[in-house]
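The values are calculated or read from the model by the stated rules, or taken from the named source; none is laboratory data. Bear in mind the structure is a predicted one, so any value in this text is a computation, not a measurement. Heads up, the Cβs are rebuilt from the backbone with ideal geometry, glycines too, and the neighbour counts pull from every protein chain shown.
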Amino acid sequence: MKWRKKYFSACFYLFLSLVPLQENRQFGSKMTDSKYFTTTKKGEIFELKAELNSDKKEKKKEAVKKVIASMTVGKDVSALFPDVVNCMQTDNLELKKLVYLYLMNYAKSQPDMAIMAVNTFVKDCEDPNPLIRALAVRTMGCIRVDKITEYLCEPLRKCLKDEDPYVRKTAAVCVAKLHDINAQLVEDQGFLDTLKDLISDSNPMVVANAVAALSEIAESHPNSNLLDLNPQSINKLLTALNECTEWGQIFILDCLANYTPRDDRESQSICERVTPRLSHANSAVVLSAVKVLMKFMEMLPKDLDYYGTLLKKLAPPLVTLLSAEPELQYVALRNINLIVQKRPEILKHEMKVFFVKYNDPIYVKLEKLDIMIRLASQANIAQVLAELKEYATEVDVDFVRKAVRAIGRCAIKVEQSAERCVSTLLDLIQTKVNYVVQEAIVVIKDIFRKYPNKYESVIATLCENLDSLDEPEARAAMIWIVGEYAERIDNADELLESFLEGFHDESTQVQLQLLTAIVKLFLKKPTETQELVQQVLSLATQDSDNPDLRDRGYIYWRLLSTDPVAAKEVVLAEKPLISEETDLIEPTLLEELICHIGTLASVYHKPPSAFVEGSRGVMHKRLPARTGSGEGTECPDVGNAAGGSAPEAAPSIIPSQGDLLGDLLNLDLPAVLCNILIMSKLNSSLLSPQLGGDIGGSPAMGAGFGAAPTVMPASLNAPVGGGLGDLFDLGGGVGMPMGAYIPPKTVWLPAMKAKGLEISGTFARRAGVIQMELVLTNKAMSVMTDFAIQFNRNSFGLAPAGPLQVLTPLGPNQTIEVSLPLSTVGPVMKMDPLNNLQVAVKNNIDVFYFSCQYPISMLFVEDGKMERQVFLATWKDIPNDNESQFQIQDCHLNSEAASNKLQGSNIFTIAKRTVEGQDMLYMSIKLSNGIWVLAELKVQAGNPNYTISLKCRAPEVSQCVFQCYEAVLKN
Amino acid sequence: MIGGLFIYNHKGEVLISRVYRDDIGRNAVDAFRVNVIHARQQVRSPVTNIARTSFFHVKRSNIWLAAVTKQNVNAAMVFEFLYKMCDVMASYFGKISEENIKNNFVLIYELLDEILDFGYPQNSETGSLKTFITQQGIKGQHQTKEEQSQITSQVTGQIGWRREGIKYRRNELFLDVLESVNLLMSPQGQVLSAHVSGRVVMKSYLSGMPECKFGMNDKIIIDKAGKGGVTNEAGKSDLGGGGSTSGKQSIAIDDCTFNQCVRLSKFDSERSISFIPPDGEYELMRYRTTKDIILPFRVIPLVREVGRTKLEVKVVIKSNFKPSLLAQKIEVRIPTPLNTSGVQVICMKGKAKYKASENAIVWKIKRMAGMKESQISAEIELLPTNDKKKWARPPISMNFEVPFAPSGLKVRYLKVFESKLNYSDHDVIKWVRYIGRSGIYETRC
């Protein structure tokens, strides 16, 4: 095999090596032009003036070059204007071009002198050489001096009809230039009509330039019918498309994209003629073709075979764009991001090409990551997760953060992967890399939102990292978690208190979140946190300048003081679903951006009006509506925005603009507000005039209430239905009845949360056996079978002693009562509150989770009567720190009756003493796990308030025991 | 459209500044310098918006090329134009360097005046540009009228890439099938992604305006031909070194793009590649395949951390092609941690060196036949650090060159028809060669 020797490059280097030698010579050849950049002498202008007026042609040319070089680096050489213009009359084309360049730059600053050049231009426009004619008309258009433009009209008119296509194509652009300077003049002179005629020119480049010029002019006259696109002119454009340069093809395609076909047949035929462009080597041609296809595809019926073919044809060229240079890849990726949102089916099988390469520039990496998440599905999630995990160990901080966030988004998007995502995130938290931990916490919060009661076991790990959080978003997320799960975090109050110290230094989102979290905590553990809630409310309402914070503070304050039950309903209400997709572009904007594929708008993901000044681009583009083949020929532009291309997003999903976190954090507030609105109907006193007076900021408040429903229209049904209907069983402990008395059943799992299965129930102790009494109701349409039950670990090791006995299938609207014996030998884990029980119930449909609280009296065993001596000794033995005192109010029993009633619940009275009209009852209780509780009950005749002191080696149980006393005595 | 075009050196000094639109002022030059070139951070995007002005930039060695606009321009077009601009400059004066730009600034201004009018890209084919932008200003005067109109019709014409009246004593053409094979492999040897991006580069020295037809073993064409029973063409044409015979398996091309000389509509309807070629060297087509790729090498890494101060690395490479073929310029790059203090390397073949400045062990093998295997083992001593962040373990990358096309692509024929001149397809001397190179060929470890 023989090859031509490449001597060119060798030659070239030889050439270069000559350069330094020539540098010192006064008149070098073109290879030494760089010397012009270095003249910085004083009196330079003066010298140049002399040189420009020299007789020698060479010297003149050298001087002009120096002037241009000075101009380039930003020196003001406008003083040389007359001298340079004098050089214009020359035979030397190179020199002429340099002088023209100078003229273009300085004519505006020397309008009077610029007139001197007019004659030469007019003369050049008559030159026999078409290159010179074109040069003259091209340059004249760039001289923005009114007086000159007048002289320009005649030469331009001639050039537009020149016999040479090179001159015509230059003249076409010149019309656009002139229009930019003086639009009226162009119209008056009838240039626009001539330009329109050029669309039918025989030369494709003339057509392309005429199209470009007309498109530009039309943009500044949105309502003019300049680009009168009709099937005939479209046909001409499509013909020229096959013949002109790559750039011309872009102009034509961009122009085509503005056309709206009359019906789907025309749309299809245009698409057919545009698709070959997808194989062009120029990425811009490809993207512009994609734009036309994406737009016209809207009009094709989906059941058409061609529609499917077209979809298939779009994928390969889009993938090929990713092998272009990185800058183009970036533009392509930004556009693919839009296309994937609009038509996910196109690229759904192309996940792999978006995998990040180690050497990709960071902007390409970040964009690829975005698209990977959008394309993630159950089918490819394993691969995606493996990749994301890899990325999370990279160097670039932004990229790593985004990768971590992406893992969380996968968990939310693909339920099957949630577990693996969580464990991956936990691994990442173990790395202790600060920003990784923070990012992970932010996404874990979202996972908690999406899958409540599933992954809370990781809370402990999260709490370990509390101190390392320094970013507002992560802090806010952590606070949300602490507030939301306050009942499971022993020291939730301490944690939140620690945040409170620097309250005023925190960012707004942290402050708002802290406020809400502490209120939640208070509602869950009212006794210990009263001070804390006071503190945060006063911080928020009195010491803050932020109206949002103040308003939220006042709302909570008022709520808590008016009606704590309502507050609970509102603050702890069911949260609406979170959306699977995040950062989705709002549908109308997406439509507009699809019409701008390939352009800057598609790169910024912003409409042109957001970054273009003036009238240009203000007009909003829209996708065409789908029309049937026969009908709809007249006004295809009407009412399409909401039409054929409505978003597929489910209505129950929150419209998420911007960042997911913002939504989630703010959810708490709108949910609250929605509920308040409902409540205000039920209990109008809440919003009585005095409220406004108290708050002092009633307008803001009113606005807040008014705005709520518009902020969250979609979420209204969720929190309201759930929130009011199913009052939290958390509060159940307060009024739990006891003993021989069978407490009423409460709804533990509402049907709407469990696909139609409703579970209500209660606990009882019968003949020494703890029983969970359940009522299962099938409110769904299908039969339920295969029931099973399981408990999470809990404080006293409660566990089902046998299987859940539901032997017959549960038909629609059927109810069954089951009694489940419980043992206390299961695994133990301390819960918060202590008597909380997390239950999982399975049936043929799904697994459901709920939590309930059992009365601790269930655990009081029958042999709980202590010997007197032992009692005394034990009482003394337990340190006084472990003693707690409670008041039982409004109890109208005498000591005898009370003692009897308590006995029924295995609370045994050991001794009774009467001191100064006060009965002291000494009692003992033994829990199923062997813990003894000793009690002293003071009953004063005539006083309905009892005082009770409890002593126990495990003081945690005291609160629960007290609740039992209260419940038993009052029922 | 493009409002202005600036070229800067690495210091941010402006070398070329050409403004096309009135909305771009001189301050735009400085805005880009201050906000992008002198920015402290790494460039985060090739498109920057500063005070409602958008800047597109590309970098070639130390030189920044920036296009500026205030309108909603076609961004893809702007970048394509900037690349084209680089190509044009390179074909005029070679490497794009500060020196060369300063030396040719008059030429560059002249080019900028020609290929961009009011911000609209015009004809940018070097072939035709060189006919009238010559840096010999006086020439214009000596051209005959015919010559002039020939220039203009070529610049604006349908076949802007070729001029009439080219004559060669010997009609000859060279076809290069250049492929770069890209791979990302997991440490366990699972192919995470692999694709071949190939180019067919043609050098044509043909007289007149020849009509060419190019054929390859594209599955779709072969299937079509098979149905119609028209296979004789392929069998007859002999292209020398390629050694392609029909009946060999065909390949599935995911996508291909063509030089503007190829009639796209004809490709779309008949999938035939026909064109009038530019004179000299140019890229006829690009293609991409992802199926049935021959991966010429397999890298098997083994990295073991021994305590906190030592790493043991063993890498095996296996060549996976016909034993009669030779791969060349093989280079394996094994990244080492930043806190490496010393490296001991043992390799069976070639030379291996630890390059501290590149944080890598570079193992070079000049030649390696197919179906062979070679191994390197290294011990890396590490300085103890308190840097908590784990070493990111960049992938092991590989470079090589093999004398076949990893995609399996074969040229079946390239037929030349020139009706006006008296030479036929048989008189044209044709050469084909295949070169497979590594693109991004990485194995994670």
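General remarks:
- Single match in A:VAL536, A:VAL565 (criterion: within 28 Å of A:PHE886 (Cα to Cα) and buried (at least 20 other Cβ atoms within 10 Å of the Cβ)): A:VAL536
- Of everything listed in (1) assigned to a loop (DSSP other than H, G, I, E, B); (2) closer than 16 Å to B:ALA327 by Cα, the single unmet condition for B:SER419 is (2).
- Taking the numbered list (1) in a helix (DSSP H, G or I); (2) within 22 Å of A:ASP398 (Cα to Cα) in turn, A:THR461 passes all entries but (2).
- Residues in segment A:142-169 that are in contact (Cβ under 8 Å) with a residue 40 or more places away in the chain and within 19 Å of A:ALA107 (Cα to Cα): A:ILE143, A:ILE148.
- All conditions but one from (1) buried (at least 19 other Cβ atoms within 10 Å of the Cβ); (2) within 30 Å of B:VAL411 (Cα to Cα); (3) among the small types (Gly, Ala, Ser) apply to B:SER91; the one that does not is (1).
- Verdict on A:SER283 being of a type in the set (Ser, Thr, Tyr) and more than 11 Å from every other protein chain (Cβ to nearest Cβ): no
- Filter result for A:PHE503 (in contact with a helix residue (DSSP H, G or I) (Cβ under 6 Å, 6 or more places away or on another chain) and surrounded by fewer than 22 Cβ atoms within 10 Å (Cβ to Cβ)): yes
- Each residue in segment A:524-543 was checked for being in a helix (DSSP H, G or I) and hydroxyl-bearing (Ser, Thr, Tyr), and 2 pass.
- From the options B:SER149, B:SER124, residue that is within 8 Å of chain A (Cβ to nearest Cβ) and not in a helix (DSSP H, G or I): B:SER124
- One residue from B:GLY370, B:GLY408, B:GLY350 being buried (at least 16 other Cβ atoms within 10 Å of the Cβ), more than 14 Å from chain A (Cβ to nearest Cβ) and under 30 Å from B:SER272 (Cα atoms): B:GLY408
- Single residue of segment B:389-403 satisfying the filter (within 14 Å of chain A (Cβ to nearest Cβ) and within 24 Å of the chain's Cα centre (by Cα)) that is farthest from B:ARG170 (Cα to Cα): B:PRO395
Okay, residues lined up against (1) assigned to a strand (DSSP E or B); (2) modelled with pLDDT under 85; (3) in contact with a helix residue (DSSP H, G or I) (Cβ under 8 Å, 6 or more places away or on another chain); (4) farther than 16 Å from A:TRP932 by Cα:
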| position | (1), (2), (3), (4) |
| --- | --- |
| A:LEU804 | no, yes, no, yes |
| A:ALA840 | yes, no, no, yes |
| A:GLN869 | no, yes, no, no |
| A:ALA873 | no, yes, no, no |
| A:GLN885 | yes, no, no, yes |
| A:ASP890 | no, yes, yes, yes |
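- Output for segment A:103-141, where each listed residue is part of a helix (DSSP H, G or I) and touching a Cys at 6+ places or on another chain (Cβ under 9 Å): A:LEU103, A:MET104, A:ALA107, A:ILE132, A:ARG133, A:ALA134, A:ALA136, A:VAL137, A:ARG138, A:MET140, A:GLY141
- Scanning segment A:900-909 for residues that are at pLDDT 85 or above and either surrounded by fewer than 19 Cβ atoms within 10 Å (Cβ to Cβ) or among the hydroxyl-bearing types (Ser, Thr, Tyr) (or both) returns a single hit, A:THR909.
- A:ILE585 being among the β-branched types (Val, Ile, Thr), farther than 30 Å from A:VAL290 by Cβ and either in a helix (DSSP H, G or I) or more than 14 Å from every other protein chain (Cβ to nearest Cβ) (or both): no
- Of the residues contained in segment A:769-784, none is found to be under 39 Å from the mean Cα position of the chain (by Cα), closer than 30 Å to A:LYS901 by Cα and of a type in the set (A, V, I, L, M, F, W, C).
- Within segment B:9-28, the set of residues being of a type in the set (Ser, Thr, Tyr) and either closer than 15 Å to A:ILE68 by Cα or more than 11 Å from chain A (Cβ to nearest Cβ) (or both) comprises B:SER17 only.
- Entry remark, segment B:391-412: residues being part of a strand (DSSP E or B) and farther than 26 Å from B:PRO337 by Cβ number 4 in total.
- Enumeration of residues in segment A:428-446 that are at negative phi and of a type in the set (D, E, K, R): A:GLU439, A:LYS445, A:ASP446
- Condition met for B:SER97 (more than 7 Å from chain A (Cβ to nearest Cβ), more than 25 Å from A:ASN105 (Cα to Cα), out of contact with any helix residue (DSSP H, G or I) (no Cβ under 7 Å at 6 or more places or on another chain) and not basic (Lys, Arg)): yes
- Residues that are acidic (Asp, Glu) and part of a helix (DSSP H, G or I) within segment A:309-343 comprise just one, A:GLU327.
- Tally, over segment A:100-147, of residues that are of a type in the set (A, V, I, L, M), in contact with a Pro (Cβ under 8 Å, 6 or more places away or on another chain) and more than 14 Å from chain B (Cβ to nearest Cβ): 3
- Residue list for segment A:88-99, restricted to those being more than 8 Å from chain B (Cβ to nearest Cβ) and crowded, with 22+ Cβ neighbours inside 10 Å: A:VAL99
- Filter result for A:ALA403 (surrounded by 22 or more Cβ atoms within 10 Å (Cβ to Cβ), under 19 Å from A:ALA477 (Cβ atoms), within 14 Å of chain B (Cβ to nearest Cβ) and under 15 Å from the mean Cα position of the chain (by Cα)): yes
- Pairs meeting the criteria (first residue in segment B:250-264 and within 14 Å of B:ILE221 (Cβ to Cβ), second residue among the polar types (S, T, N, Q) and assigned to a strand (DSSP E or B), beta carbons under 7 Å, at least 6 apart or on different chains) are B:ILE251/B:THR289; B:ALA252/B:THR289; B:ILE253/B:THR289.
- Just one of the listed residues (A:PRO276, A:PRO301) is modelled with pLDDT under 95, within 13 Å of chain B (Cβ to nearest Cβ), out of contact with any Gly (no Cβ under 6 Å at 6 or more places or on another chain) and on the phi < 0 side of the Ramachandran plot, and it is A:PRO276.
- Enumeration of residues in segment B:100-112 that are without any contact (Cβ under 8 Å) to a residue 40 or more places away in the chain and at the interface with chain A (Cβ under 9 Å from one of its Cβ atoms): B:ASN100, B:ASN103, B:ASN104, B:VAL106, B:LEU107, B:GLU110
- Of everything in segment A:183-226 that is among the polar types (S, T, N, Q), crowded, with 17+ Cβ neighbours inside 10 Å and more than 41 Å from the chain's Cα centre (by Cα), the residue that is nearest to A:LEU152 (Cα to Cα) is A:GLN189.
- Single residue of segment A:44-87 satisfying the filter (acidic (Asp, Glu) and more than 14 Å from chain B (Cβ to nearest Cβ)) that is surrounded by the most Cβ atoms within 10 Å (Cβ to Cβ): A:ASP83
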